[in-house]
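**Student:** After the structure tokens below, expect a handful of questions from me.
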Amino acid sequence: MCFTVSVEKKAKEAIKDYLKSNKGVQFDIYFEDYYLVSGFAHPKLPVIKQDTITLSEWGLIPSFVYSEEMALDMKSKTLNARSDTIHEKRSYKDAIKSQRCVLIVDGFFEWRHEEKKIPFYIYPKDETVFYLGCIYNSWVNKLTGEIHDTFSIITTDANPMMEYIHNSKKRMPLILHKNNVAKWINPETPQSEIDELMKPYTESLMTSHIISTDAGNSRKNRNVANIKCQIK
């Protein structure tokens, strides 16, 4: 699965480059670099949608959710959406049709299960960024009227490298090639083409290394207070 990511300098530069190449895209949010961010803290991260970039909460809240209590429970179960069941699951089947977005990350973290969990950092071999395929939904709290922009990272079967690292579930995040970002976020893209994009990423384009076990354990201690976001 993919529950922990890094959004730092390279991701910020990639967003700037995206804005330069897509002049009409709206984005007026400033965010700090952050490292080893756990989805279970439900951080707000910048995701690319059609014509805009929004600071969205990790953990998709579907439209059918009717209460804040249900929303809190649901978003911890929707950090990831499996590509092989995404068209069937009630939480995701509407979003995959036309509410697709992209999260740019420097890399992500996964744990190999042996006698002890071994944390790995996985990142692009060419030292650029990963473009993670996601889905989103804007959920309205009917009691307060507050709008929650939320998203989920899609996962696919693991490639050989990720099968070794993520040896318990053998999954990996959906990583898109940069030239497929526009197709992914376009709500008019036919579902047959979207399905073709939901494939394991090429192993030769990725690399990894083991990180400190202290860094791995800090995953449990991350919370929203570690993430600083502000409007320009």
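Computed from the coordinates by the stated procedures, all read-outs in this text should not be read as laboratory data. Values in this document were obtained by computation on a predicted structure and should not be read as measured data. Positions of Cβ are generated from backbone atoms using ideal geometry, with glycine treated the same way; all protein chains shown enter the neighbour counts.
**Student:** Considering Cα pairs under 8 angstrom that are at least six residues apart, work out the relative contact order of the range 4-231 and quote it in whole percent.
**Tutor:** Reported relative contact order: 25 percent.
**Student:** Picking from ASN137, ASN80, ASN167, which is most flexible by a Gaussian network model of the chain using Cα springs under 10 Å?
**Tutor:** Of ASN137, ASN80, ASN167, the Gaussian network model singles out ASN167 as fluctuating most.
**Student:** Which of the residue pairs LYS10/LYS178; LYS16/LYS75; LYS23/LYS183 have a Cα-Cα distance greater than 19 Å in the structure shown?
**Tutor:** Values: LYS10/LYS178 14 Å; LYS16/LYS75 29 Å; LYS23/LYS183 17 Å.
In this structure, LYS16/LYS75 lie more than 19 Å apart at Cα.
**Student:** Using helices alone, what [θ] at 222 nm do you get for the chain, with -39,500 (n - 2.57) per DSSP H run of 4 or more residues, divided over all residues and rounded to the nearest 500? Don't skip to the end; give the middle numbers.
**Tutor:** Numbers: 7 runs with 48 residues, N = 232.
Mean residue ellipticity at 222 nm (helix-derived): -5000 deg cm²/dmol.
**Student:** Which order results if ILE48, ILE147 are arranged by neighbouring Cβ count within 10 Å, fewest first? Mind dumping the intermediate values first?
**Tutor:** Details: ILE48 26, ILE147 10.
In increasing order of surrounding Cβ atoms, one gets ILE147, ILE48.
**Student:** Hey, what's the per residue convex hull volume over the C-alpha atoms of the range 21-150, in cubic angstrom? Don't skip to the answer; put the middle values down first.
**Tutor:** On the way: hull volume 20.2 nm³, N = 130.
Spread over its residues, the Cα hull of the range 21-150 gives 155 Å³ apiece.
**Student:** Still on this structure: Put +1 on the Cβ of each Lys and Arg and -1 on the Cβ of each Asp and Glu in the chain; which of ALA71, THR189, LEU132 then has its Cα farthest toward the positive end of the dipole?
**Tutor:** Positive-most Cα among the choices belongs to ALA71.
**Student:** Ranked by Cβ crowding within 10 angstrom, fewest neighbours first, how are HIS166, HIS177 ordered? It would help to have the intermediate numbers written out before the result.
**Tutor:** Working: HIS166 21, HIS177 13.
Listed from fewest to most nearby Cβ atoms, that is HIS177, HIS166.
**Student:** Next up: Work out the length of the dipole vector of the chain about its Cα centre, built from +1 on the beta-carbon of each Lys and Arg and -1 on the beta-carbon of each Asp and Glu, and round it to the nearest 20 debye. Don't skip to the end; give the middle numbers.
**Tutor:** Working: 32 positive and 30 negative charges, 31 e Å.
So the dipole magnitude of the chain works out to roughly 140 debye.
**Student:** Volume per residue, Å³, of the convex hull around the alpha-carbon atoms of the range 117-197? If you can, show how the numbers build up before the last one.
**Tutor:** On the way: hull volume 13.5 nm³, N = 81.
Hull volume over Cα atoms, normalised by residue count, gives 167 Å³.
**Student:** While we're looking at this one, here's another question. Report the far tail of the P(r) of the chain, meaning the percent of Cα-Cα pairs longer than 27 Å.
**Tutor:** Working: 7914 of 26796 pairs.
In whole percent, the share of Cα-Cα pairs in the chain beyond 27 Å is 30.
**Student:** For a footprinting-style exposure proxy, rank LEU103, LEU36 by other Cβ within 10 Å, fewest first. Write out the running numbers ahead of the final one.
**Tutor:** Details: LEU103 24, LEU36 19.
With the sparsest Cβ surroundings first, the list reads LEU36, LEU103.
**Student:** Please list, by residue number, everything in the range 34-56 whose backbone N is under 12 Å from a paramagnetic label point 7 Å out along Cα→Cβ of ILE147.
**Tutor:** Residues passing the 12 Å test: 54-55.
**Student:** Compare TYR164, TYR35, TYR201 in a GNM of the chain, Cα atoms joined below 10 Å, and give the one with the largest fluctuation.
**Tutor:** Between TYR164, TYR35, TYR201, it is TYR164 that shows the largest mean-square fluctuation.
**Student:** Let me ask you something else. Would you mind computing, in nm to one decimal, how far apart the modelled labels at HIS87 and THR207 are, each placed 7 Å from Cα along Cα→Cβ?
**Tutor:** Here the answer is 3.8 nm between the modelled labels.
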